[in-house]
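Right, one structure below, let's go through it.
What follows is calculated from the coordinates using simple rules that are stated; it is not laboratory data. Treat the numbers as computed from the prediction; the structure is a model and nothing was measured. Neighbour counts are summed over all protein chains in view; Cβ atoms, including those assigned to glycine, are modelled from backbone coordinates with ideal geometry.
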């Protein structure tokens with residue numbers, strides 16, 4: 001009997017544990033939005049010690065872009081992308097590009113559609129597509145890429161199909177997607193199915209798990225920040241999602257925890273990612 005077969009016999013399992021998730025291990029700094037103001041350098045150093053290798057930004061927490069870049073360099077954390085509101089891209093794209101260049105970021109990310117309601121219409125989709133295509137063209141001229149981060153309202157059905165699918169059909173091929181697995185699930189969708197449906201679009205991913213009992217596919221109910229739980233302790237099938245994401249070539253993964261417990265949770269999250277097998 002081989003050593004491998006002997007181990008299987010002794011453990012009583014034939015399941016292949018799979019390979020370790022390779023990362024990279026990133027953090028969306030929005031997770032620390034309540035802690036960062038006045039303490040940016042301290043928190044960046046702490047994030048690095050936790051085991052994170054790169055970050056994504058959503059604000060400067062009182063620092064200038066250059067000051068923030070120096071703090072990132074000191075901590076040894078490269079900035080991969082920046083989140084900005086739709087209206088900021090619309091009205092001040094040159095500034096967002098300049099900030100990205102200072103930070104060394106590769107991606108400009110929009111985390112919202114240009115409409116406030118939960119009930120998406122085809123007119124909303126067309127407006128978003130026009131804006132995103134314009135932003136992507138401007139970003140490309142400066143060596144950057146534009147990405148859309150869909151939240152729950154993007155999945156509101158239009159003519160029997162999720163609004164996101166209607167939007168993707170109208171976008172330039174260089175508008176990539178940042179999948180937030182929490183919001184896909186919240187919108188009643190299967191993240192793995194989307195990764196398989198659009199394998200060339202997803203290059204960024206937000207990782208956060210969902211508390212049992214969170215409303216799924218109900219667009220009339222809001223979602224509390226406290227619906228976030230530590231990776232592996234919620235209802236999302238993380239191993240299957242990560243396995244498919246690695247397979248199709250997702251390049252960057254950012255833990256995001258929006259709960260009050262985020263400073264503690266993100267340490268547990270990166271430990272999970274370093275030990276989970278696919």
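For the range 139-156 and the range 40-115, write down the distance between their C-alpha centroids in whole Å. Each part's Cα centre sits 15 Å from the other's.
Per-residue extension of 0.36 nm, minus the Cα-Cα distance of residue 169 and residue 235, leaves a gain of 20.8 nm for this segment.
Seen through its C-alpha gyration tensor, with square-root eigenvalues sorted a ≥ b ≥ c, the chain comes out oblate because a/c lies at 1.5 or above while a/b is not bigger than b/c. Computed per residue of the chain from DSSP H runs no shorter than four, each worth -39500 (n - 2.57), the mean residue ellipticity at 222 nm is -12500 deg cm²/dmol. For the options 19, 45, 67, a Gaussian network treatment of the chain with springs between C-alpha atoms closer than 10 Å singles out 19 as fluctuating the most. Rounded if a/c is under 1.5, else prolate if a/b is larger than b/c, else oblate: which is the range 36-169, with a ≥ b ≥ c the root eigenvalues of its Cα gyration tensor? The shape class here is prolate. Expressed to the nearest 5 percent, the antiparallel share of DSSP beta bridges inside the range 19-275 is 15 percent.
Starting from 0.36 nm per residue, how many nanometres of slack lie between residue 45 and residue 95 once their C-alpha separation is accounted for?
Numbers: separation 50, 0.36 × 50 = 18.00 nm, distance 2.72 nm.
The span from residue 45 to residue 95 would gain 15.3 nm if fully extended.
Only Cα pairs under 8 Å and 6+ residues apart enter the sum, and on that basis the relative contact order of the chain stands at 20 percent. In this simple spin-label approximation, residue 247 and residue 261 carry label points 7 Å from Cα along the Cα→Cβ vector, and these lie 3.2 nm apart.
If the viscosity is 1.306 mPa s and the temperature 10 °C, what Stokes-Einstein diffusion coefficient in µm²/s follows for the range 89-146 when Rh is the Kirkwood radius over Cα pairs? Kindly include the intermediate steps, with their values, before the conclusion.
Values: Rh = 12.2 Å.
D = 130 µm²/s.
In this structure, residue 198 and residue 218 have a Cβ-Cβ separation that, at R0 = 41 Å, corresponds to a calculated FRET efficiency of about 0.95.
Between residue 142 and residue 119, the simple label model (points 7 Å from Cα in the Cβ direction) yields a spacing of 3.8 nm. Among 205, 50, 36, the ranking by other beta carbons within 10 Å of each residue's beta carbon, starting with the fewest, stands as 50, 36, 205. Here the Kirkwood formula puts the hydrodynamic radius of the range 126-278 at 16.2 Å, using every distinct Cα pair.
When only C-alpha pairs under 8 Å and at least 6 residues apart count, what is the relative contact order of the range 27-78, in percent? Don't skip to the answer; put the middle values down first.
On the way: 46 pairs, mean separation 25.3, N = 52.
Relative contact order, the range 27-78: 49 percent.
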